[in-house]
Amino acid sequence: MRLNFMDVAMRVSPAGKGYLFRGSNYVRYDWKLDREDFDYPQPIHLWNLPQNFQSGIDAACNGQRQFLGKAYFFKDNTYARYDWATNTVDLKDRGIAGWKLPASFLSGVDAALTGEGQFSGKTYFFKGDQHLRQRIPRLRPTQTRADIASGD
């Protein structure tokens, strides 16, 4: 799998790994060795995500604070939560509305990432030319529908 053609990327800092998704496959990337791990790509079904995620995901991010050790996968208007410690999906087929996103984000998100350093405790969602910063654990937006071009 060519690494310059990915749909979704997710970094897992403590493990020193990153996961890169394209369609129904993914690769695991080793940051220290600066290369894709052996025996990849692998099919996304190995994550045991719900059936509608098997053809690919729209976005992924890691949990923070009380959700540390979890990963969130988004597909259309649903999400699933993965537990890194048990290698299982512990929440399936949840509506994205549970994240208390504005109406324009409820049909799905294009990308998601978790903040680090001074941005720790925040998750950023992107859809079209809009972005949203959400604080954890409040799970309510602190900034909604900001125009990406404005730098807000």
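Assorted remarks:
- Ordering HIS45, HIS131 from the fewest to the most neighbouring beta carbons within 10 Å gives HIS45, HIS131.
- Simple rule: put +1 on each Lys or Arg Cβ and -1 on each Asp or Glu Cβ in the stretch 8-150, find the dipole, and look at GLN66, ASN77, ASN25; the Cα lying farthest toward the positive end is GLN66.
- Each Lys and Arg adds +1 at its Cβ and each Asp and Glu adds -1 at its Cβ; summed about the Cα centre, the stretch 37-123 shows a dipole of about 400 debye.
- Pairs of Cα atoms in the stretch 8-150 fall into 10 Å distance bins, from 0 up to the last occupied one, in shares of 12, 42, 36, 10, 0 percent.
- Partners of LYS75 within straight-line reach, counting lysines whose Cα lies under 28 Å from its Cα and excluding those fewer than 8 residues away in the same chain: LYS17, LYS92, LYS100, LYS122, LYS127.
Since every read-out is calculated from the coordinates, none of them should be taken as a lab result. This is a predicted model, so every value here is computed, not measured. Please note: Cβ atoms are built from the backbone with ideal geometry, for glycine as well, and neighbour counts cover all protein chains shown.
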